[in-house]
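Have a look at the structure below before the remarks.
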Amino acid sequence: MTIKVDSDNLKEGLLGLVIALVEIIKEVLEKQAIYRIESNSLKEEEAEKLGIAFMQLNEAIEKIKKENNLEKTADKIRADLDNLVNDGITRLINPLELKNEAVDHA
């Protein structure tokens, strides 16, 4: 199988990957912020600042995606990364599934 790489699809793929990773990191940070808010370890003012910062980050991400026509690319990469992580977790939790797949493919 030959993969054609030119400057356009390389740029699109790399930017899409960066955007997908930034979105994943943002979601982790949002979950941590929610945990801290629910556990009352943030002052109201700090929680408000975090909310504003996350809204601004969302707007910046969407702007970058739109300006670079990356909506579909970033979403596809994100879905692929999610599937990869889910497969890895499933295999860690249920190693017999991995063994059964190996037998099926033999």
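The values are calculated or read from the model by the stated rules, or taken from the named source; none is laboratory data. Since this is a predicted model, take the numbers as computed values, not measurements. Here the Cβ is made from the backbone with ideal geometry for all residues, glycine too, and neighbour counts use every protein chain on show.
Hey, T73 hits all of (1) in contact (Cβ under 8 Å) with a residue 40 or more places away in the chain; (2) out of contact with any helix residue (DSSP H, G or I) (no Cβ under 7 Å at 6 or more places or on another chain) but one; which does it fall short on?
Of everything listed in (1) in contact (Cβ under 8 Å) with a residue 40 or more places away in the chain; (2) out of contact with any helix residue (DSSP H, G or I) (no Cβ under 7 Å at 6 or more places or on another chain), T73 misses just condition (2).
So is D87 surrounded by fewer than 10 Cβ atoms within 10 Å (Cβ to Cβ), acidic (D, E) and modelled with pLDDT under 90 or not? Before the answer, list the steps.
Numbers: surrounded by fewer than 10 Cβ atoms within 10 Å (Cβ to Cβ): no; acidic (D, E): yes; modelled with pLDDT under 90: yes.
No; evaluated as a whole, the condition is false for this residue.
Assess whether K66 counts as being among the basic types (K, R), within 16 Å of G16 (Cα to Cα), modelled with pLDDT of 90 or more and part of a helix (DSSP H, G or I). Walk me through how you get there before you give the answer.
Details: among the basic types (K, R): yes; within 16 Å of G16 (Cα to Cα): yes; modelled with pLDDT of 90 or more: yes; part of a helix (DSSP H, G or I): yes.
Taking the combined requirement at face value, the residue satisfies it.
Sort out which residues of region 39-75 are closer than 25 Å to E12 by Cα and acidic (D, E), and write them in order of number. Can you show your working first?
Taking region 39-75 and keeping what is closer than 25 Å to E12 by Cα, we get 54-75.
Of everything in region 39-75, those that are closer than 25 Å to E12 by Cα and acidic (D, E) turn out to be E59, E62, E67, E71, D75.
Out of region 20-46, which residues are in a helix (DSSP H, G or I), among the charged types (D, E, K, R), more than 13 Å from the chain's Cα centre (by Cα) and exposed (fewer than 14 other Cβ atoms within 10 Å of the Cβ)? I'd like the intermediate steps shown before the answer.
Within region 20-46, the first condition is being in a helix (DSSP H, G or I), and the residues that meet it are 20-38, 44-46.
Still in the list and also among the charged types (D, E, K, R): 23, 26-27, 30-31, 36, 38, 44-46.
Next, only the ones that are more than 13 Å from the chain's Cα centre (by Cα) stay: 31, 36, 38, 44-46.
Across region 20-46, the qualifying residues are K31, E38, E44, E45, E46.
Before we move on, is E59 among the acidic types (D, E), at pLDDT 95 or above and either in a helix (DSSP H, G or I) or at negative phi (or both)?
Taking the combined requirement at face value, the residue satisfies it.
Need pairs with beta-carbon distance below 7 Å; first residue within 16 Å of M55 (Cβ to Cβ) and within region 13-39, second among the acidic types (D, E); sequence gap 6+ or separate chains.
none
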